[in-house]
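The values are calculated or read from the model by the stated rules, or taken from the named source; none is laboratory data. Source: prediction; values computed, not measured. Glycine also receives a Cβ, built like all others from the backbone with ideal geometry; neighbour counts cover every protein chain displayed. Accessible surface is based on the protein model in full, side chains and every heavy atom, while ligands, DNA and RNA are left aside. Shrake-Rupley method; radii C 1.70, N 1.55, O 1.52, S 1.80 Å.
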Amino acid sequence: MNRALTGVIVTVVAFALLAAAVLAGRWLRRRMLDPPGVRSAAQALWTAGLAAPPLREGLTPRSVARALPYLMALLETPGVALCGPDGMVLGADGPGGHHADEVTDAVITALRSDRRQLAKCSPCGVAGCSVSRAVISPLVADGRAVGALVVLTGPAVGPYLVRATDETARFICTQLELADLDESRADLARAEVRALRAQISPHFIYNALTTISAFIRSDPDRARELLLEFADFTRYSFRQAGEFTTLADEMGNIEKYLTLERARFGDRLQVRWRVAPEVLGVVVPFLAIQPLVENAVRHGLAGRAEGGTVSVTAEDAGPDCLISVEDDGSAWIRIPSAAWRTRIRPGTTSG
């Protein structure tokens with residue numbers, strides 16, 4: 001009996017030792033494949049990535065409030081604050097964040113001199129608050145001071161904290177410069193849309209009114225219909241309701257334009273439509289397609305007594321909506337078929 005019990009105990013102990021050895025081996029393998037330094041770097045990069053989106057919106061109280069918790073996690077100090085170009089605090093976070101208002105003069109000095117500053121903070125008497133120093137690093141984006149990073153800490157300010165403050169400030173400046181770049185791109189896109197609106201030919205307006213006037217005596221009802229089409233076309237083309245619209249609205253306006261042109265050219269102008277229903281909800285830049293159709297009409301009919309055909313196509317091309325405008329004009333006057341793509345998935349109505 002004793003021998004049997006001893007054998008069971010030995011077996012259990014052996015299995016326990018084997019299991020411990022397996023677990024220890026796995027733990028050592030994870031340590032070797034994922035050492036602490038790598039884990040810390042990965043965590044810091046992940047945290048910085050979370051701080052980037054709000055900073056890309058620029059320095060505003062709202063974006064600062066969203067970014068500060070991640071900056072706190074990066075710097076691991078009692079308090080962090082961001083100030084605007086006038087030195088005023090846009091936002092502060094952490095148990096010692098209330099000390100940020102005390103270092104306004106040092107922030108202004110940092111902004112004017114473009115140099116890091118070290119400031120003292122007065123004891124506040126708040127339980128658990130150890131803040132007595134502030135490291136202030138100016139934020140310089142595109143050659144101008146746009147704000148300052150204030151890192152609140154205890155009496156010991158070591159070289160690591162100073163370097164971490166400078167590197168964090170550099171990271172913030174990069175995001176602010178990217179924000180300016182995003183805004184410049186948005187301004188360019190808006191300018192391109194305005195340029196497209198300006199491309200509505202004054203000759204078309206003159207020709208449309210001339211065509212309508214020709215129908216007044218011969219076919220008053222037709223003249224009235226064309227006048228209403230012209231009114232709807234101009235109302236849509238010169239609207240002030242944003243830079244984007246749906247493909248359905250854009251195609252509706254193009255159809256009005258072509259109705260007026262067919263009244264002018266008669267059977268010389270043929271139009272071929274091929275628009276997939278599933279892409280009608282796609283969001284497109286306002287008035288981005290009509291100038292292409294107008295060019296196709298002009299080049300497709302110019303110099304051709306027999307006229308020509310304009311083809312308008314919109315189709316689902318996987319993740320894209322492919323829109324093309326083509327004409328069959330003479331080779332010597334024909335422009336290449338125009339194609340415009342949008343990355344918005346067909347069927348969406350917001351972008």
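Looking only at region 132-186, which residues are aliphatic (A, V, I, L, M), outside any loop (DSSP other than H, G, I, E, B) and within 17 Å of E76 (Cα to Cα)?
Answer for region 132-186, where residues must be aliphatic (A, V, I, L, M), outside any loop (DSSP other than H, G, I, E, B) and within 17 Å of E76 (Cα to Cα): A134, V135, I136, L149, V150, V151, L152, L161, V162, A164, A169, I172.
Take the residues in region 49-87 that are out of contact with any helix residue (DSSP H, G or I) (no Cβ under 6 Å at 6 or more places or on another chain) and among the small types (G, A, S); name whichever of them is nearest to T109 (Cα to Cα).
G84
Do we have A241 as at pLDDT below 85 and hydrophobic (A, V, I, L, M, F, W, C) here?
Yes.
If you go through region 230-247 one residue at a time, how many are in a helix (DSSP H, G or I) and crowded, with 19+ Cβ neighbours inside 10 Å?
Of the residues in that region, 4 qualify.
Could you please find all residues in region 43-71 being charged (D, E, K, R) and outside any helix (DSSP H, G or I)?
The answer is R56, E57.
Name, by its number, the condition in (1) modelled with pLDDT of 85 or more; (2) open to solvent by 70 Å² or more (accessible area, probe 1.4 Å); (3) more than 29 Å from the chain's Cα centre (by Cα) that does not hold for Y206.
(1)
Give the number of residues within region 318-345 that are open to solvent by 40 Å² or more (accessible area, probe 1.4 Å), at pLDDT 75 or above and part of a strand (DSSP E or B).
Residues meeting the conditions: 1.
Tell me yes or no: at least one residue of region 88-105 is over 29 Å from the mean Cα position of the chain (by Cα), under 16 Å from A169 (Cβ atoms) and either open to solvent by less than 10 Å² (accessible area, probe 1.4 Å) or modelled with pLDDT of 90 or more (or both).
Within region 88-105 (the criterion being over 29 Å from the mean Cα position of the chain (by Cα), under 16 Å from A169 (Cβ atoms) and either open to solvent by less than 10 Å² (accessible area, probe 1.4 Å) or modelled with pLDDT of 90 or more (or both)), the answer is yes, since at least one residue qualifies.
Confirm whether A305 is touching a helix residue (DSSP H, G or I) at 6+ places or on another chain (Cβ under 9 Å), under 13 Å from A208 (Cα atoms) and either of a type in the set (G, A, S) or outside any helix (DSSP H, G or I) (or both).
No: the conditions fail for A305.
Which of the following residues is of a type in the set (D, E), touching a residue at least 60 places away in the same chain (Cβ under 8 Å) and either buried (at least 16 other Cβ atoms within 10 Å of the Cβ) or under 19 Å from E326 (Cα atoms) (or both): E255, E250, E294, E306?
E294
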